[in-house]
């Protein structure tokens, strides 16, 4: 089916020429993104109110900072606009070798996975939006649909363990998202789209700057009927900001947004049905309705010798969970108050030091109603009540020492602690009814009130050597740490009945050691960004039914796991075109315990892409790329005795045409061959991924 969509995006093919404001969003830009953003601006920045010429950065791997001892990729606003992606997951899976693990068949929904993590991979990737941690305290996925792509300035991916600087969740990597910063210019961006499977979006972004004051506002609507039956999804987002620039060094911004989202998860099918009728489903096994509010204040400072930020954020996240097995929704409401700050300063010509503090309070209210009847009387009662709270704090400090002009040492240490408290009440089905009142008894065996403190240390040390002006190598060691989520300790919210999981204070934090070496080359034509690593994990938490001193649980610590892998990216660029490729290769295994020698589920040995782009005219860019993922074991198949998920190959085509200074056309066909495949399978049940998708769009800037 061919469908036409219109995409109007204001700053569609340019990065902001003024990089200082964007850089001030997070001091962590010092570790790589500043140089990338500045390079993009110099190469592609156009005058206000015009679209830039189509240029090529080196495609997927982006431009890396040779002084950064990490494998990173940077995606600027021009590349975001050209991609036609509707979400951060869709953007990253198109531009990098990061994988998506999802059940809905919607490429905008799911968990991102990298560095050999499969089940619950979202718990091992730290996500920062304008410096504010976006990860939930429980096992909920990142609410990606609350981040409209049209409002993004850049997305940076840092691969590998980074617990020391970025704290909890940063075992596999860090995703840093920056929203648009228009504090120094007036702009108006309008977005509209219509596509395959009744997919459409509409949006507006505007900003106004007057002297030292600036303001912005955005609104967006996304909808898809879904590739499969019962896979409808939509999101409404509204937000804005007000800011004041005290001087060239200090800025304060107050921002707020509201989102209203809806997601259906269709039932899984057999492998045969996935091949013959992947779109068919008989029901939505789970439906999520969510309303979220967020307000944040950000203070930025960029001085001659140092830069830093401080953020304070409040978030309310109210979600109703409808299950096909229960007519009444289960409520899952959360409030989170977060503070984070970091400052980096040059204390000597060869020394830079940095330090940061992060604190968060989360309160989760979870309850479920049940229909009941006594005689002729019918009513509903609260079958379960839960109140889970977490207080966490983390502090880190480090330094960068330039041993010589080309050799530098980067080291960092961190302390993390978290207190999780849970009170759960479950009521029996035994009811005494004396009109007009009724009494429901508490099930003492399946109720609890408990708490636990978890704490740990993380550290890193890295050596980076610039071989010459175009190449560098690095070696690093990371001591990793992650404390369990609230769900892993107490409740598995929205997935299993609470009575099947007790408070498990014996669950240990995950610990690990990451050894990594990398090479980068930024030549005139050839660009290379590659690394090899060994990641040894201890007490890794997995979905594993067992009996522990804390009670029956579906999450437990398992013996050691080992991941040996490589992340590879390269491109060769000429004036008229070029080639590019990227891959993640990882052998992830259990190396002790009852599953010794078995592969870790939901982790393919190979996941990568390769492609070519042609530029027959300065205003025309054509891209073709193939994506391949090898076989993998199904989710939770620790014994490796279920059916292996087959490999799959997809082909994508994209065409960008700049019509004039104010308009550009975007055309694409994704999954050209209409490959029938699944991103996840459980116990022989497959969840088909998106089929062939046609897109077309038109970009304007005012």
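The values are calculated or read from the model by the stated rules, or taken from the named source; none is laboratory data. Predicted model only: the values in this text are computed from it and were never measured. Because the Cβ atoms are built from the backbone with ideal geometry, glycine has one as well, and the counts that use them run over all protein chains shown.
Quick notes
- Here the stretch 514-527 is the region considered, the condition is being without any contact (Cβ under 8 Å) to a residue 60 or more places away in the chain and either out of contact with any strand residue (DSSP E or B) (no Cβ under 7 Å at 6 or more places or on another chain) or in a strand (DSSP E or B) (or both), and the residue that is surrounded by the fewest Cβ atoms within 10 Å (Cβ to Cβ) is 524.
- Residue, farthest from the chain's Cα centre (by Cα), within the stretch 243-272, restricted to residues that are surrounded by 15 or more Cβ atoms within 10 Å (Cβ to Cβ) and more than 30 Å from residue 131 (Cβ to Cβ): 271
- Any hit, the stretch 273-290, residues being touching a strand residue (DSSP E or B) at 6+ places or on another chain (Cβ under 9 Å), over 19 Å from residue 688 (Cβ atoms) and surrounded by fewer than 16 Cβ atoms within 10 Å (Cβ to Cβ): yes
- Tally of residues being more than 22 Å from the chain's Cα centre (by Cα) and at positive phi across the stretch 581-608: 2
- Any hit, the stretch 165-180, residues being touching a helix residue (DSSP H, G or I) at 6+ places or on another chain (Cβ under 9 Å), part of a helix (DSSP H, G or I), buried (at least 23 other Cβ atoms within 10 Å of the Cβ) and touching a residue at least 40 places away in the same chain (Cβ under 8 Å): yes
- Residues of the stretch 63-78 that are in contact with a strand residue (DSSP E or B) (Cβ under 9 Å, 6 or more places away or on another chain) and in a helix (DSSP H, G or I): 77 alone.
- On the stretch given as the stretch 595-640, residues that are assigned to a loop (DSSP other than H, G, I, E, B) and touching a strand residue (DSSP E or B) at 6+ places or on another chain (Cβ under 7 Å) total 17.
- Residues that are over 28 Å from residue 338 (Cα atoms), touching a residue at least 24 places away in the same chain (Cβ under 8 Å) and not in a loop (DSSP other than H, G, I, E, B), drawn from the stretch 275-321: 275, 284, 285, 286, 287
- Some residue of the stretch 250-260 being outside any strand (DSSP E or B), at pLDDT below 95 and either within 30 Å of residue 689 (Cβ to Cβ) or in contact with a helix residue (DSSP H, G or I) (Cβ under 9 Å, 6 or more places away or on another chain) (or both): no
- Candidates 613, 648, 633: the one that is buried (at least 17 other Cβ atoms within 10 Å of the Cβ), more than 22 Å from residue 108 (Cβ to Cβ) and without any contact (Cβ under 8 Å) to a residue 60 or more places away in the chain is 633.
- Against the test of being touching a helix residue (DSSP H, G or I) at 6+ places or on another chain (Cβ under 6 Å) and modelled with pLDDT of 90 or more, the options 364, 335, 388, 345 yield a single qualifying residue, 388.
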